[in-house]
Structures are given as structure tokens and as C-alpha cells.
1. Which one is most open to solvent (accessible area, probe 1.4 Å) among residues in the range 132-155 that are modelled with pLDDT of 90 or more and within 30 Å of Leu108 (Cβ to Cβ)?
2. Looking only at the range 61-118, count every residue that is of a type outside the set (Val, Ile, Thr) and open to solvent by less than 70 Å² (accessible area, probe 1.4 Å) and tell me the total.
3. Is there a residue in the range 11-24 that is of a type outside the set (A, V, I, L, M, F, W, C), under 15 Å from the mean Cα position of the chain (by Cα), open to solvent by less than 60 Å² (accessible area, probe 1.4 Å) and within 22 Å of Ser110 (Cβ to Cβ)?
4. Would you mind telling me which numbered condition in (1) outside any loop (DSSP other than H, G, I, E, B); (2) farther than 30 Å from Thr133 by Cα Ala66 fails?
5. What residue, among those in the range 25-55 that are open to solvent by 70 Å² or more (accessible area, probe 1.4 Å) and not in a helix (DSSP H, G or I), is modelled with the highest pLDDT?
Amino acid sequence: CSPHAISDKVLLIGDAAHAIVPFYGQGLNAGFEDVRLLMETLDRNKGDFAQTVSEFSTTRKKDTDAIADLAVKNFEEMASKTANMGFVLRRRLLLVLNRWFPSAVQPLYSLISFSNTPYAEAVTRDAQLSRRTDYTLATALGCATAAALITLARYTRHSN
């Protein structure tokens, strides 16, 4: 919903401001995050509620929209992609890369569920990681194909 405020007297937070489908498990956490961010904004504005309402309403919307979109996307993934071998392999690769390079490779779920990374920033970082992962998978597939072709060529040459 937007705006999250009625003048500078009333501010909606939590599900009252951004109810989302339950497919990411972040509804209550987003509400708690609203409280934390509201208090940080209020402190930063030295108790000026009108300024806080304006700033909070403007900055929070992109993150609440992001988590709402993620919840729907997660439902779609659970419903249609989890049986896809490419999807499963990609997810497993991300987990392996996360173990090897935990500060460089952080899966979206980890950013959302186990950090204070704003939702919209987590989505942006995940898109960047997806591009790098796709490149890594394409490179690995290309190398494997080249190795198979070289092996096949050597085998056919020796068998003649």
C-alpha cells in the first residue's frame, strides 16, 4: 500500500502497510524490521515525527515491494522449477560456492533471512550473483564440451 502515512500523524507499519503472501516466511520479520528502521529514522531525525514519517514512507516502500515480489516469485519457483535439473544444479552450485567463498557468494535466501541487508539491495545483489553464476556454468559447460570433443577426437584418431 502507498502511502504508508496519513498526514504526519499516522504511520502504518507491518502487515497493515504491506501484507504479503506467506511463501518467503518474512511477513513478521518485515514488520519487526519496520519497527527497527522506524526507530533508527526517528533517532536520526532527533524525534521529529513529521520528518520521520516522510522519510520512512519514501525509503521503506522499495523494500516492502521487493519482499512482496520475492514471496510471489518463491511460490512460482516452488510450484514449477524445483523439478528442473538445471534449477537444482544451479542452486547446489551456489551452496558450494557459498561454502568456499562465503563473503563473495551469498545466496538470496541467506541475505534475506540471516542479515540486515535491505530487501531491494538483496534482490540487486542476487541479480548480479545470478549473472556471475550463469557465466560460471556456461564456462564450465563449454570447457567440459571442449574436453569431451578433444578426447573423442583423440580416441577416433587412435582407433583408425
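The values are calculated or read from the model by the stated rules, or taken from the named source; none is laboratory data. Being a predicted model, the structure only gives us computed values, none of them experimental. Cβ placement follows ideal geometry from the backbone for every residue including glycine, while neighbour counts extend to all protein chains displayed. Just the protein is used for accessible areas: all its heavy atoms, side chains included, with ligands, DNA and RNA removed. Shrake-Rupley method; radii C 1.70, N 1.55, O 1.52, S 1.80 Å.
1. Here the answer is Cys143.
2. Number of matching residues: 25.
3. The initial filter retains those residues of the range 11-24 that are of a type outside the set (A, V, I, L, M, F, W, C), namely 14-15, 18, 22, 24.
Now drop any that are not under 15 Å from the mean Cα position of the chain (by Cα), which leaves 24.
Within this subset, residues satisfying the condition of being open to solvent by less than 60 Å² (accessible area, probe 1.4 Å) are 24.
Subset that is within 22 Å of Ser110 (Cβ to Cβ): 24.
Taking every residue of the range 11-24 in turn, at least one turns out to be of a type outside the set (A, V, I, L, M, F, W, C), under 15 Å from the mean Cα position of the chain (by Cα), open to solvent by less than 60 Å² (accessible area, probe 1.4 Å) and within 22 Å of Ser110 (Cβ to Cβ).
4. Among (1) outside any loop (DSSP other than H, G, I, E, B); (2) farther than 30 Å from Thr133 by Cα, the lone unmet condition for Ala66 is (2).
5. Lys46
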